[in-house]
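Written out below as structure tokens is the structure these notes cover.
The values are calculated or read from the model by the stated rules, or taken from the named source; none is laboratory data. Computed from a predicted model, the values in this text were never measured in an experiment. Here the Cβ positions follow ideal geometry from the backbone for every residue, glycine too, while neighbour counts run over all protein chains shown. These accessible areas exclude ligands, DNA and RNA; they are computed on the full protein's heavy atoms, side chains included. Shrake-Rupley method; radii C 1.70, N 1.55, O 1.52, S 1.80 Å.
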Amino acid sequence: MAHDSKIEWTGDTLPTQAGCRNASPGCINCYARILSERLAAMSAAKRARGEDPGRLFKYEGTVKNGKWTGVVNLDHAALDEPLKRRKPTIYFADSMSDCFLPAVPRDFNEAKFRMFAQTPRHTYQVLTKHPKEMAKFIASTKHANLPNVWLGVTVEDVRRKSRINVLSEIPAAVRFLSIEPLLEDLGELDLRGIDWLIIGGESGPKARPFDPKWARSILKQARAARVPVFVKQMGSNPVGLSLEDSKGGDIEEWPNSLQVRRMPAPPEATNES
């Protein structure tokens, strides 16, 4: 997989919107919030110099005093970028937000999924912490169950396991779980209808502990269910491990049992006119 993104499990990111709100404990140290605040400051500095902030405009107003404001700014021009790229790419859509936030207009998501349908050469990974909103949208759009769209939910603790049940009922080419940041032992998982798992510890100076035992338990269950797993990182606070990489992202430093990075089977090729 060719990478234009630093996120190891995707090819490139497609930030069509910016801004979010906290939905669950996994949001506490959100990298997107920290980065959005930085990008908003860059935009403000450009404006102060009389310069055009360009695409940075979308980050303005989304974060204040280190917290999401709930403002979601849309970037309609970003929807054209995949149309221009001829090289087949795996995109992580809305890495700086959540397209199923209640604040996102339905017509914007319709335009987004219409673009997905128009570019079958690309694959789109759509991840949310609002699976019920995702389910409502998919149930009512003509762009449901596109062969090049993967739908996923974040599951960071036991309480959020209920999101799996909602996802498993949504028609999708690939259904996946982002178990990152993994904050506790999830216990038994029902992986029926799930096609892929991502596992990772939290990074950053305030990272919460990540116990490799939790990941091993998930790997064991995934193998039994024949679900591929991509272990992204050990995080910045792995229990019982001393790692040089600040994010625990160097796979060579991990225990052999956790050196697992598998992708789901690629979607069938689709001809485009």
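Quick notes
- Net lengthening on full extension, M42/R223 (0.36 nm per residue, minus Cα-Cα): 60.6 nm
- Charge sum, other residues only, whose C-beta stays under 11 Å from S236's C-beta, Lys/Arg counted +1 and Asp/Glu -1: +1
- Distances between placed amide hydrogens fall under 5 Å for F210 paired with N237, V239, all partners being 5 or more residues away or on another chain.
- Among the listed pairs K112/K161; K64/K247; K67/K112; K58/K220, those beyond 32 Å (Cα-Cα): K58/K220
- Counting DSSP beta bridges with both ends in segment 154-269, the antiparallel % (nearest 5): 10 percent
- Read-out Cα Rg over 2.2 N^0.38 Å, derived from the coordinates shown; its label in [x] 0.96; [y] 1.04; [z] 1.00: [z]
- From its DSSP helices (H runs of at least four residues, each -39,500 (n - 2.57)), the chain gives a residue-normalised ellipticity at 222 nm of -7500 deg cm²/dmol.
- For the pair I34 and E110, the difference between a 0.36 nm per residue extended length and the Cα-Cα distance amounts to 24.5 nm.
- Per-residue extension of 0.36 nm, minus the Cα-Cα distance of L83 and A265, leaves a gain of 63.1 nm for this segment.
- Fraction of accessible area attributable to carbon and sulfur, the chain (%, probe 1.4 Å): 50 percent
- Once the 1.4 Å probe is applied to the protein heavy atoms, segment 1-152 comes out at 46 Å² accessible per residue.
- Sites S246 and R159 - FRET efficiency at Förster radius 25 Å, r taken between beta-carbons, to 0.05: 0.30
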